[in-house]
Structures are given as C-alpha cells and as structure tokens.
Amino acid sequence: EARQFGGSRIARHDPDKTRRKTRARDIERAMWTAIDEEELSLVYQPQVDMRDGRLIGVEALLRWTSPTLGRIFPDEFIAVAESNGFIRQIGRWVLHRAALDARLLPADVTVAANVSALQMLDHGILDDVQSALSESAIPPARLWLELTETALMSPSDCIIESMRDIEMLGVSWALDDFGTGYSSLAYLSRLPLRKLKLDKSFVQNLDTDAHAMAILRSVNNLCRNMDLCLLCEGVETRAHADILLGEGCVEAQGYFYGKPQSLEEVIDTFCGGATQVARRG
Ligand code: C2E
Ligand code: MG
Ligand code: MG
Ligand code: MG
C-alpha cells in the first residue's frame, strides 16, 4: 500500500501501535482475575450544592490495581472491557458495590454509577439494577445512572427501552460529558433523562473563553426549559464556582469540592463522621 504514493518503500511499521496493542492484550489478560481477586474498588467523588457546599450525591468511579500491571485508570481499561464483553461483569459488580455502599451514606445523599452503552445492549442491565436494589434494600430514588453523551449519539430503540425500564424502577438517568458528543435536541426529549452533566472542558475554559460562557448559558436555559437538572463537572477553582453561581447553577462536582476518594473519607469530610460505625457489607 505504501507504494501507491510514489513508490516509497519505507516500512509502515508503527511502534506506537504495536505498544498499544501489547498493552491492550496485557490488560485483557489481567482482567480475568480482577473481580475474583478483589482488585477492583470504587472511589467516590462528592457532588455538592454550590450555594452551601452541602453534599447531595456521590459518583462512584472505578479503580483497578492489578498485581502485574499496577494501577490502571478507567479511561484505559473500560475500552478494553467493552471490546471483550467483560464490561457486563464489571458493570454488575459496580452496581452492587455502589448500592451497598449507599447504605453508609445519609439517606438524602444519592449514589451515581457509570454505565457503558454496551451494558445497555442486552436486557441483563435491568436484572443487574433490580438485584443491586434488592440486595442493598436502598430506595431506588437514591440510585442514579450515568451514560455518556457519545454513547447516545444515535441511541438504538433497545437502549431507550432499557433506559425506560430502569426508570420505571424509580432509578434516575443523567447524561454524562454533555457537550462532547453531538446531541440532537430531538432525541434528548425522547430519552428518560433527569439531569445533564456539563462536561468539564466547558467549565475549565470559563475564565478564558467567551464561547464557553455562551455554551454554559445555552445549556442552562435548555435544562430549565426541558425541566432537567444541570450538574457542572470539573469545577477546580473558587473562580469556576463563582462564575457558575453567578449564572444560577446549583450542582457541581470537581477537585475544588473534592477529588474521588474513599467512602470513609467522604463520610468524614461531609457527614461529620456520624455513620463511621456502620460496617461495609
Ligand atoms: P466521568 O464519568 O465523566 O467521571 C469524571 C472523571 O473526571 C473522573 O475520571 C474524575 O476523576 C475526573 N474529574 C473529576 N473532577 C475533576 C476535576 O475537577 N478536574 C479534572 N481534570 N478531572 C476531574 P476517572 O475516575 O479517571 O474516570 C474517567 C471515566 O471513566 C469516567 O468519566 C467514566 O466515563 C469512566 N468510568 C469510571 N468508572 C466507571 C465505571 O464504573 N463504569 C463505566 N462504564 N465507566 C466508568
Ligand atoms: Mg460519570
Ligand atoms: Mg463526565
Ligand atoms: Mg468522562
């Protein structure tokens, strides 16, 4: 193929590509034991009401420490887990762990788990959510699920149906990383969403980029008009928070309010440590 353009015989071997493939294969191999060997864990990032700093929810974020590969972040291993189907088992584990952990938080604090579009393609997700709810006995209203916007760029009927089934249980849906995909307003109104999470890239450009402000205002209006909650991601500084508060935004998540941390740390920081005595089950 290289020859087609002027007959160059320079080999097209791409060392980066080889390295990526090897890495993906190593991750895939290590993944098979991750659940059984208890290598997965969840950290929780606070979601707050910016007006008073009150904790309104937490988002569960997956962490994996492999004995052979060390710490691997979800941006790297979720894609591998999606390509080999392992995401279903991982997703089930996440739902159960997050629902069980919710019992240790005050009853007015919600727990959000991330769901991969791939989990939505079969109806197993409904069973998984149902069994996580019944095992933990938490009220369904305390559980939120997040789907990324890119996952929903052209949502199949199957995905919409799964979302509706789960919504019928009393669980709520948030659209994650909003603004990074290409949402059509037509489908936004077809999905059973209760919240948009404005992607951190917009929040982080607020102090420097006039377009970011215009986008924030439009999204804020959109949410008001469509009766959706808005949560701003990636709030890293007091300046970000002040701008957002000035625009009438309420919910936020970001390093300024708290990094992803252990459940115990969240409880100590935000709940006066009152529930410390409770045992993790
Ligand atoms: P996400 O759901 O949008 O989660 C937010 C990500 O932004 C997290 O990265 C979080 O650590 C990071 N973050 C939070 N606040 C700030 C901030 O102020 N500044 C900056 N620069 N970053 C911030 P993390 O934990 O590496 O997760 C990355 C992505 O991996 C998540 O994005 C989510 O899409 C996916 N993911 C995480 N856990 C799971 C899971 O259990 N299942 C699935 N399917 N995906 C997951
Ligand atoms: Mg998320
Ligand atoms: Mg996000
Ligand atoms: Mg993300």
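The values are calculated or read from the model by the stated rules, or taken from the named source; none is laboratory data. What you see is a predicted model, and the numbers here were worked out from it, not measured in a lab. In this analysis, Cβ positions are derived from the backbone assuming ideal geometry, glycine residues included, and neighbour counts consider all displayed protein chains. Accessible surface is based on the protein model in full, side chains and every heavy atom, while ligands, DNA and RNA are left aside. Shrake-Rupley method; radii C 1.70, N 1.55, O 1.52, S 1.80 Å.
Remarks
- Partner lysines whose Cα lies under 23 Å from the Cα of residue 195, excluding those fewer than 8 positions away in the same chain, are identified as 259.
- Residue 184 accessible area, assembled protein chains, probe 1.4 Å, Å²: 50 Å²
- Cα shape, the range 221-263, gyration tensor, a/c 1.5 rule: oblate
- Here the relative contact order of the chain, from alpha carbon pairs under 8 Å that lie six or more residues apart, stands at 18 percent.
- The mean accessible area for residues of the chain, using a 1.4 Å probe and ignoring ligands and nucleic acids, is 51 Å² per residue.
- Taking the range 113-235 and dividing mean pair separation by its residue count, relative contact order in percent (alpha carbons under 8 Å, at least six apart): 22 percent
- Anisotropy class assigned to the range 33-186 is rounded, per the alpha carbon gyration tensor with a/c under the 1.5 cut-off.
- Charge dipole magnitude, Cβ of K and R +1, D and E -1 - the chain, Cα centre, debye nearest 20: 620 debye
- Charge dipole magnitude, Cβ of K and R +1, D and E -1 - the range 94-200, Cα centre, debye nearest 20: 340 debye
- Computed in the context of the full set of protein chains, the accessible area of the chain at 1.4 Å probe radius has 51% of its extent on carbon or sulfur.
- Cα centroid separation - the range 120-177 against the range 222-255, whole Å: 24 Å
- Efficiency of FRET from Cβ geometry, residue 51 and residue 141, R₀ 22 Å, rounded to 0.05: 0.50
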